[in-house]
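Input: a single structure, listed below in structure tokens.
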Amino acid sequence: MRREQQAPSRSLLTVLLGAVGAGPLLLYGLSAVSDSIIVDLGISEAQFGLLATACFACAAIGNATLARVADRHSDMSLMIIVFALAAAALALVAVPAGFVMLIIAAALSGLAQSFPNGVTNRILLERVPVQKRIGWVGIKQSGVQVSQLVASAVFPLLAAAAGWRGAALVIALVPLVLMVMAWRSLGAAPLLTETSASVVEPDPGEPDLEGGVDAAADPVAPVTPTPAASQQYPGMMWALAAFGLLNGIGVQATNVYMPLFSVRELDFPLVLGGATAAVAGAIGVAARVGWARQMARGASGPRVLLLLALIAVTGAAMFSAAGVTGWPWLLWLAAALHGTSALGVSVVLMSALIRSIPATAMASASGMVTAGMFTGFALGPVAMGLLVSSPGGFSLGWAVVGLVYLLCVLLAVLLMRASRRSE
């Protein structure tokens, strides 16, 4: 009898995580040294927010328009495109051509974020056994927060030695290394057979460290593709996209301006200001893995989203309180709550998709939900920049962020009621 196919390697998991995190490296790095960039280029806070808007607007458009194209292209070609665009964007930052070149680099970074969710979800469905799948979703979706952690911690240190342009050039090596790893790991992870894709027995000699669950009890068993399923999406997908849009506004309004807030309002040095985003990113990594485990155990998506939205509202209140009192510990608490809640939403959205969408439509369905998130990502920073530049300053900005998260609470409650009616 033919041996069962070899289990996918940790190298593949690293590549999936890297694909999700490569595109955001540029924006997180620039945000960590935002005070230096604003001073060096003589731009305003609102203009700096345009970098994030250009990045995420291109990502949203790319996800919405290129998602179905991605369904027709190979995993290998899409992964190479992702890493090549991410590296090119970082390299362009090193070109001393002013603010316009940064806008172009940010746009390329956004295009690098057009494919990762779709192609990585498809790889999970087609190459990873079902009992590992949701655990791997949590790890690979934490790629964004790993990117935030690495860029926020390393960029200011490199900038101190080589300037912020030199820091970007060094970081550009990371996507290139991941591109080589993708070439090797995808070639070593063949498509699952139809039988193994449905039920794959875990190897009793190898513990499942990715948080997998028993396949027989897995609430996310693959959905059998049907002609109807590949042509239309359930209403839940559109609701998830709406939640992603609202949450995305708050997430990137916070991510982009948190280091600047700590430097300008609490007198943190530049490296310590970057550390606030690094702490949020580190907690976000753990949060995404943790929330993925809850989803793998059968937790209700709308209930988890409600909890995350409530925690995010509390985090926004702590940011506001830190600005009013000047107490640094409130800022650190706010960063921790932000990492625990708003940064964990993506994995819940992607887990819910994997529960309901077949592999044949996964790239396009993921693209639509991701387009909702990136639309929010694009709106958040420019809105926050305008608010921060207004007489209301950061106090008004954090109040609006809290209001957006309250809308997430309302949407989650509506999703819970709709879920009860459908049972």
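The values are calculated or read from the model by the stated rules, or taken from the named source; none is laboratory data. Predicted model only: the values in this text are computed from it and were never measured. Note that we place each Cβ from the backbone using ideal geometry, even for glycine, and neighbour counts take in every protein chain shown. Protein only, heavy atoms only, side chains kept; ligands, DNA and RNA dropped before computing areas. Shrake-Rupley method; radii C 1.70, N 1.55, O 1.52, S 1.80 Å.
Some observations on this one:
- Members of region 140-171 found to be open to solvent by 10 Å² or more (accessible area, probe 1.4 Å), touching a residue at least 12 places away in the same chain (Cβ under 8 Å) and of a type outside the set (Val, Ile, Thr), listed by number: 149, 153, 157, 158, 159, 160, 164, 165, 166, 169
- Qualifying residue in region 109-119 (condition: small (Gly, Ala, Ser) and either open to solvent by 20 Å² or more (accessible area, probe 1.4 Å) or at positive phi (or both)): no
- Region 8-42, subset modelled with pLDDT under 90 and among the charged types (D, E, K, R), residue most open to solvent (accessible area, probe 1.4 Å): 10
- Residue 63 satisfies every condition listed in (1) part of a helix (DSSP H, G or I); (2) modelled with pLDDT under 90; (3) open to solvent by 20 Å² or more (accessible area, probe 1.4 Å) except (3).
- Within region 372-423, the set of residues being open to solvent by less than 10 Å² (accessible area, probe 1.4 Å), under 21 Å from residue 351 (Cβ atoms) and of a type in the set (A, V, I, L, M, F, W, C) comprises 408, 412.
- Subset of region 134-175 (residues that are out of contact with any Phe, Trp or Tyr (no Cβ under 7 Å at 6 or more places or on another chain) and hydroxyl-bearing (Ser, Thr, Tyr)): 142
- Cross-chain or 6+ apart pairs with Cβ under 8 Å, region 392-416 first and among the hydroxyl-bearing types (Ser, Thr, Tyr), then open to solvent by 60 Å² or more (accessible area, probe 1.4 Å) and in a helix (DSSP H, G or I): 395/324
- Qualifying residue in region 298-316 (condition: open to solvent by 40 Å² or more (accessible area, probe 1.4 Å), over 15 Å from residue 342 (Cβ atoms), of a type in the set (A, V, I, L, M, F, W, C) and touching a helix residue (DSSP H, G or I) at 6+ places or on another chain (Cβ under 8 Å)): no
- Count of residues meeting criterion [surrounded by 24 or more Cβ atoms within 10 Å (Cβ to Cβ) and among the aliphatic types (A, V, I, L, M)] in region 261-277: 1
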